[in-house]
1. Filter the range A:13-31 for residues that are in contact with a strand residue (DSSP E or B) (Cβ under 9 Å, 6 or more places away or on another chain) and open to solvent by 20 Å² or more (accessible area, probe 1.4 Å); which is nearest to ligand 2 (Cβ to nearest atom)?
2. Kindly check whether there is at least one residue in the range A:58-75 that is at pLDDT below 95 and within 10 Å of ligand 1 (Cβ to nearest atom).
3. Would you mind telling me which numbered condition in (1) within 16 Å of ligand 2 (Cβ to nearest atom); (2) β-branched (Val, Ile, Thr); (3) touching a Ser or Thr at 6+ places or on another chain (Cβ under 8 Å) A:Ile10 fails?
4. Residue check: is A:Glu119 part of a helix (DSSP H, G or I), within 26 Å of A:Ile197 (Cα to Cα) and open to solvent by 10 Å² or more (accessible area, probe 1.4 Å)?
5. From the list A:Ser43, A:Ser34, exactly one residue is assigned to a loop (DSSP other than H, G, I, E, B), within 16 Å of ligand 2 (Cβ to nearest atom) and more than 14 Å from every other protein chain (Cβ to nearest Cβ). Which is it?
6. So, in the range A:86-108, of the ones that are open to solvent by 60 Å² or more (accessible area, probe 1.4 Å) and part of a loop (DSSP other than H, G, I, E, B), which residue ends up nearest to the other protein chains (Cβ to nearest Cβ)?
7. When you look at A:Glu119, is it within 12 Å of another protein chain (Cβ to nearest Cβ), closer than 15 Å to A:Ala153 by Cα and among the acidic types (Asp, Glu), yes or no?
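The values are calculated or read from the model by the stated rules, or taken from the named source; none is laboratory data. Note that the structure is a prediction, hence the values are computed from the model and not measured. Virtual Cβ from ideal backbone geometry, glycine too; neighbours counted across all protein chains shown. These accessible areas exclude ligands, DNA and RNA; they are computed on the full protein's heavy atoms, side chains included. Shrake-Rupley method; radii C 1.70, N 1.55, O 1.52, S 1.80 Å.
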Amino acid sequence: MILLDNVSKIYPNRSLSGEPITALENVSFKVGKSEFISLSGRSGAGKTTLLRLILGQEAPSSGRILFDSYDISEIKKSEICHLRRRIGTVFQDYKLFPTKTTYENISYIMEVMGADDEEIKRDVPYILDLVGLTERACNFPKELSGGEKQRLAIARALIHRPEVILADEPTGNLDPYHTSGIIRLLLKINDLGTAVILATHDKEVINKIRKRVITLENGRVARDDEKGRFML
Amino acid sequence: MFTSLKRTIRIGIKSFARNIGINIATIFIITLVILLFSLLFIFNSASKILIAGIQEKVDVSIYFNEDALTENIMEIKSVVSQIPEVKNVEYVSKEEALDKFIERHKEEPILIESITEIGDNPFLASLNIRVLEASQYSQVTSLLENGSFKNLINKIDYYQRKPVIDRIFSIISAVNRGGFATALVLCLVSVFIAFNTVRIAISNMGEEISVMRLVGASDKFIKAPFLIQGAVCGIISALIAFILIFSFSYAITSKVKVLAPDVSVLGLFISNVLFIFLLQIAVGVSLGIFSSLIAVRKYLKI
Ligand SMILES: Nc1ncnc2c1ncn2[C@@H]1O[C@H](COP(=O)(O)OP(=O)(O)OP(=O)(O)O)[C@@H](O)[C@H]1O
Ligand SMILES: [Mg+2]
């Protein structure tokens, strides 16, 4: 369903003398429908960059990224929203809507999808309960703890039953109890047919999932193991 | 369709309420713009009335010699009224001129007495000419001076008044042009400030707008609430400006009356009330909407 074909991403270096930063170099792999991929690698290996390219947040410097048959870097700006609606993203820095309450952060996504009021009234409380934020429905993001923000970000990525979930370090701020809860949730959603790309450097998490692991090293694919374990 | 409209309006009004502080600033500045536009309109109309009033009072009188016959004068009258620039021509006979004089000076018996003492009517018959525009007077007078009947003419009193008339017109047109230019510059400046206020208001939302794009909201979906918010600001501003302009007109009407009896500011306001209201709503709403639109566009790139 997603195909990366020789993708590279080179950022210009802001200091004049420095060399350009190669965040990704000739990355190729394929994500099947309802596949679960753990993307591991050290800090700075290029995990977030990879997810940003898939979301069309940035264009690759070379290579192609296909989503079904669409080339993401060739889609018009005004049409990329249709693609993004099929993806649910947990951003590493959450990117919650600061002026919207917990409830509205989630209901906004459903409004974007064109859900009617009935569905919103039914689904939002359900997912809030699932991530344990029912009590915080009317609070704004800045009033939430780090872990609560993270769980809200996850709820926001799941609410519209996307075809792919891009989860960037979704358990970075969670205690072991919530971490295993979220991992179980992602696995369950994956069982129901949603593809998941989970970027993390958490060894415990990867070893627990025991599904395909792609390891990035300095922007290159170092390993790609079915039923992999965490390697560094 | 209906759901989305309802939803857009709800989101727009909610974000209006949540950002009330910055919206008050926006409303304040849009109100100023509308006030400027309205005042520009009112001053423009008032000065037009003023000019028309003065133009109405300016005329040229041609006095004929004692021996000029009424028939000749009537003939000249018909010739003059044929000139396209001439608005109307009025014949004042010797007797009418005397009557007018007596009427005008009836409070001053000594003057009237001295006139009647002469026994003879000292006034000359005249034609009173009004042209469409003040600048055309010299054309008409030179035409008469060079005409075949110039030996019937005793004097043309345009020359005695010419400097005064010219001065009045040059002053009015200078004031008018200067005032208009100033107001126009002020309007432009205020529009610019209004744009900037809205831009700053929305820049707080910049991050949020970019995230909206990332979760798949279409540009239209993102823009709509901001447009509603802009429109709400515009409408509120227009209502405030309307009330202010009304009170202002009410307050200055009597003062302006003293200076220029022809001009009733309140009357002007009332007879144009619909136009003024629509002008204000149009200025307010379009300013609110366009500045929001331009401000939001910047964040729709990702
Ligand atoms: N906009 C940018 N401009 C310049 N360099 C960038 C930019 N974004 C990322 N990089 C660089 O690209 C490299 C990969 O960054 P990336 O965010 O993908 O790492 P990561 O694997 O997600 O790390 P972490 O686990 O810490 O989140 C880093 O060296 C980073 O400094
Ligand atoms: Mg990262």
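1. From the range A:13-31, those in contact with a strand residue (DSSP E or B) (Cβ under 9 Å, 6 or more places away or on another chain) are A:13, A:20-31; that's our starting set.
Applying the additional criterion that residues be open to solvent by 20 Å² or more (accessible area, probe 1.4 Å) yields A:13, A:20-22, A:25-26, A:28, A:30.
Numbers: A:Asn13: 19, A:Pro20: 19, A:Ile21: 14, A:Thr22: 16, A:Glu25: 17, A:Asn26: 20, A:Ser28: 20, A:Lys30: 22 Å.
By that ranking, first place goes to A:Ile21.
2. Yes; the residues of the range A:58-75 include at least one that is at pLDDT below 95 and within 10 Å of ligand 1 (Cβ to nearest atom).
3. Unmet condition: (1).
4. Values: part of a helix (DSSP H, G or I): yes; within 26 Å of A:Ile197 (Cα to Cα): no; open to solvent by 10 Å² or more (accessible area, probe 1.4 Å): yes.
No.
5. A:Ser43
6. That would be A:Pro98.
7. It is false that A:Glu119 is within 12 Å of another protein chain (Cβ to nearest Cβ), closer than 15 Å to A:Ala153 by Cα and among the acidic types (Asp, Glu).
This table checks each residue for (1) without any contact (Cβ under 8 Å) to a residue 60 or more places away in the chain; (2) over 30 Å from B:Leu186 (Cβ atoms).
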| site | (1), (2) |
| --- | --- |
| B:Asn23 | no, no |
| B:Phe37 | no, no |
| B:Asp59 | no, yes |
| B:Glu71 | yes, yes |
| B:Lys77 | yes, yes |
| B:Val89 | yes, yes |
| B:Ala97 | yes, yes |
| B:Ser126 | no, yes |
